[in-house]
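Below: one structure, written as structure tokens.
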Amino acid sequence: MFAESLQQVALGGRVFDVCLVGSGPAGITLAAELGARGLSVLLLEAGGTQYDEASQAMFEAEVVGPLPWALDVNRLRYFGGTSNHWGGFCQALEEIDFESKVPGVDTEWPIRKRDLDPYKARAEIVLELPPATPDQPFGERLRLTTMRYSPPVNFGIKYRPVLEKLPSVTTVLQACVVNMTERDGEIVSLDALAPDRSRHTVLARRFVLCAGGVENSRLLLWFNQQNGGRIVKEPRTLGRYWFEHPHFTIGETFLDESAPFVFDKWSIAWANPTAQTLREQGILNAGLRVTRRNREASRQMIADLACIAPELGQWAMAKLKRRLFCGALMRASWEQAPEPWNRVVLSADRDTNGVPRAELHWRLSDFDRRTILGSATLFAEEVLRRNYGRVRLDPWVLGRGSFPGDDEIKGNHHMGGTRMSREPARGVVDADCRVHGLSNLYVGGSSVFPSGGAANPTLTIVQLALRLADHLSGRPAPASTV
Amino acid sequence: VFHQGGRSGTATIMTLTPRFLRQPGGPNARRGFIATLLLLIGVRSAAPRPTGMVERDGWFLDASDR
């Protein structure tokens, strides 16, 4: 059943097996999986089926820090969520991404890669990913990696017909969740508003918040405040340890055409440090993106080099003319250190439903610069060692100036805030994505990530949703493939 | 062999090349052989070497770069 509003649904004391809040990749994957197993599911989406200015305005939030884009632009508040405008970039987290890499930097997950591996093949089907290509060594300290591209799957368009055919799934649009009620360590009900502001009470055995990487924190902070701290009993980390994948142009390079880089459909070749290198260098994971440039830009780059090293510039220009060299922009997306000061808090300003807006505090640190400088220097050294070309890094990467304010800066990857942890003091949810101290409230999506590696998060979000579906349906997790 | 460098590799190439080019097989075979040679030369030139990396105005250069 697909309803335009709560007024069209006869809730009448009905108790659903699972109530899902939010219809992005996590919420829709869970709804489809649980519905296929016969569980009664209520999927609540705050928006409608299409972009709407008034609905989108509910996502307005203050950002304190260098984020240049507003949170009502990079998120979408309608059925399908932010999958309505994502780019389709997919990578799996690596084994080391679940571990502690650098002493004093809290990147450890309470689960390991082998816990998500059994869900990888199914997640790849959900996202319609092409087969993976094995990494290739690039020297001893780097690997050439590949990005996999989803078409991209628009979850709203692809899965609406699937959900409509599942008799046990009820999807309700324009349902804004405003509170939940706790009793004796479990959530007994949830309150949601219909477009006419009528208030409806939803009963379910289990509840899952899949509202997004900012909204999950916002809702839990608000529910906790209304319930006197009985929702997240140890709220020290709630909303905190929020992080992004910083995205920056870091320099440029010219490369021999015989170099083993494989440029994909976006003319990008990818490289990451090896796990051992991360440990040795004391840095977090980083994805270097070598993006081919046109000949004019390449010529200009080599002309600039000639001012520093005329003979080298002459040699490079000759090879460029004979098409033996190509020029490339060096860009990077890397792992930000999870820090408590990067956080979602409740604003004094409220939306039209009376819910405090989110206020996001986010900045980059010297350690974040150290990560990208370390990785980029390794790349420059390997290119030089093999005489493939030369690399130039921008002054800010080398510590001469602050992070640029006019670059891409972020990947719109909203992670953390309700991080997964073994102990309640260090996070909000446990290894099963269940809120510490409650028996039946769960969180889905990238807000549970304790750290984000250098991988685009959607594949991991879907893997976690499939794993949570097994947990909620009582199906044992499949044997690890590792 | 050529990747290893040295006289033996070079001698092998010098011996084989004229003989191969005289063989029947037409231009495609010759082009294939020449492409293989170029590939080997490429591999040879890409072999790692120790660096004396220095940074000048953001460029990561070899100390010998002028």
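Tabulated data for the structure shown
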read-out: Qualifying strands (runs of 3 or more DSSP E) (wholly inside segment A:175-258; at least 1 residues being among the basic types (Lys, Arg)); value: A:176-183, A:199-209
read-out: Unmet criterion (only one of (1) at pLDDT 95 or above; (2) within 11 Å of chain B (Cβ to nearest Cβ)) for A:Arg386; value: (1)
read-out: Pairs where the first residue, in segment A:371-385, is of a type in the set (Ser, Thr, Tyr) and the second is modelled with pLDDT of 95 or more, C-beta under 6 Å, 6+ apart; value: A:Thr371/A:Ile283; A:Thr371/A:Leu284; A:Thr371/A:Ala286; A:Thr371/A:Trp334; A:Ser375/A:Pro273; A:Ser375/A:Ala286
read-out: Selection from segment A:64-85 of residues that are surrounded by 15 or more Cβ atoms within 10 Å (Cβ to Cβ), out of contact with any strand residue (DSSP E or B) (no Cβ under 9 Å at 6 or more places or on another chain), on the phi < 0 side of the Ramachandran plot and not hydroxyl-bearing (Ser, Thr, Tyr); value: A:Asp72, A:Arg75, A:Leu76, A:Arg77, A:Asn84, A:His85
read-out: Any chance A:Gly399 is buried (at least 17 other Cβ atoms within 10 Å of the Cβ), within 14 Å of another protein chain (Cβ to nearest Cβ), touching a helix residue (DSSP H, G or I) at 6+ places or on another chain (Cβ under 9 Å) and of a type outside the set (Ser, Thr, Tyr); value: no
read-out: Single residue of A:Asn353, A:Asn342 found to be of a type outside the set (Gly, Ala, Ser), surrounded by 23 or more Cβ atoms within 10 Å (Cβ to Cβ) and either farther than 28 Å from B:Phe60 by Cβ or in contact with an Asp or Glu (Cβ under 7 Å, 6 or more places away or on another chain) (or both); value: A:Asn342
read-out: Filter result for the condition that a residue is among the basic types (Lys, Arg), out of contact with any Cys (no Cβ under 8 Å at 6 or more places or on another chain) and part of a loop (DSSP other than H, G, I, E, B), over A:Arg363, A:Arg392, A:Arg369; value: A:Arg363
read-out: So A:Glu182, is it among the charged types (D, E, K, R), farther than 25 Å from A:Gly35 by Cα and more than 27 Å from the chain's Cα centre (by Cα); value: yes
read-out: Selection from segment A:395-444 of residues that are of a type in the set (Lys, Arg) and part of a loop (DSSP other than H, G, I, E, B); value: A:Arg400, A:Arg419, A:Arg422
read-out: Pairs with Cβ under 7 Å, 6+ apart, first in segment A:295-306 and within 14 Å of B:Trp59 (Cα to Cα), second aliphatic (A, V, I, L, M); value: A:Ile302/A:Ala316; A:Ile302/A:Met317; A:Ile302/A:Leu320; A:Leu305/A:Leu312; A:Leu305/A:Ala316
read-out: Check on A:Phe403, aromatic (Phe, Trp, Tyr), over 25 Å from A:Glu186 (Cβ atoms) and at pLDDT below 95; value: yes
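The values are calculated or read from the model by the stated rules, or taken from the named source; none is laboratory data. Just so you know, these numbers come straight off a predicted model, no measurement behind them. Virtual Cβ from ideal backbone geometry, glycine too; neighbours counted across all protein chains shown.
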